[in-house]
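Contents: one structure, followed by commentary.
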Amino acid sequence: MSRKTDARDRAIDTAERLFRIQGYAATGLNQIIEESGSPKGSFYFHFPRGKTQLAEEAIDNYVASRASILRRIAANTAGDALSFVHQIFDAIAAEMIATDFQYGCLMQNLANEPTAMDPELTRRIARGFVDLTEMVAEHFRGCGFSPARAASTAAALVAALEGARTIARLERTPAVYAALAEVSGERLCGSPR
């Protein structure tokens, strides 16, 4: 049984990696099967709806991993909005460097391919952004921000992070994160109201 689970997990991890690098449309099932080492015969046992189901599960996996990172950073910066923002920028910059600027945001990559999206994938992507943005807003509320300010600050931060990832990939440098930390940190997280 663990062997089947391992093959399933490898397929999800491989799909997530390839969707982050290449996007949805450019990633074929044969490539996922080959690179994951998953037996082709068992692939449809684990993913009877094929690539769409695999993308749904990759989104869930990605959101869970991002949520884990946010929880860790939030725990390290309780009550300190500015440190929270800086540590998020630092974590994403470090990931970009570690992946040689190849990895985009899975949800952003998939959302930018509307011809490849079906309604369930679109809902999962939207839900992922909502859930992660709410986690950020929750931290800001814990720092004394009003609910409205926490929500708008979180939305602005997530939007800035998505744009920054795109720029970092294009320029192949984390400099945009340092610029965001310098310019946006104080504006996003000045004195709580």
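The values are calculated or read from the model by the stated rules, or taken from the named source; none is laboratory data. What you are looking at is a predicted structure, and each value in this text was computed from that prediction instead of being measured. Glycine also receives a Cβ, built like all others from the backbone with ideal geometry; neighbour counts cover every protein chain displayed.
Quick one: would you say Met96 is of a type in the set (A, V, I, L, M, F, W, C), farther than 16 Å from Arg187 by Cβ and in contact with a Gly (Cβ under 9 Å, 6 or more places away or on another chain)?
When the stated conditions are applied, Met96 does not pass them.
Please tell me if Val158 is of a type in the set (Val, Ile, Thr), surrounded by 15 or more Cβ atoms within 10 Å (Cβ to Cβ) and within 24 Å of Asp60 (Cα to Cα).
Details: of a type in the set (Val, Ile, Thr): yes; surrounded by 15 or more Cβ atoms within 10 Å (Cβ to Cβ): yes; within 24 Å of Asp60 (Cα to Cα): yes.
Yes.
Would you please name the residue that is modelled with the lowest pLDDT, looking only at residues in the range 167-193 that are exposed (fewer than 12 other Cβ atoms within 10 Å of the Cβ) and of a type outside the set (Lys, Arg)?
Ser191
I'm trying to understand the selection: among the residues of the range 18-61, which are within 16 Å of Ala7 (Cα to Cα) and of a type in the set (Phe, Trp, Tyr)?
Those that are within 16 Å of Ala7 (Cα to Cα) and of a type in the set (Phe, Trp, Tyr): Phe43, Tyr44, Phe45, Phe47.
For the range 127-148, does any single residue satisfy the condition of being in contact with a helix residue (DSSP H, G or I) (Cβ under 8 Å, 6 or more places away or on another chain), at pLDDT 95 or above, over 22 Å from Ser83 (Cα atoms) and buried (at least 19 other Cβ atoms within 10 Å of the Cβ)?
Yes, some residue in the range 127-148 is in contact with a helix residue (DSSP H, G or I) (Cβ under 8 Å, 6 or more places away or on another chain), at pLDDT 95 or above, over 22 Å from Ser83 (Cα atoms) and buried (at least 19 other Cβ atoms within 10 Å of the Cβ).
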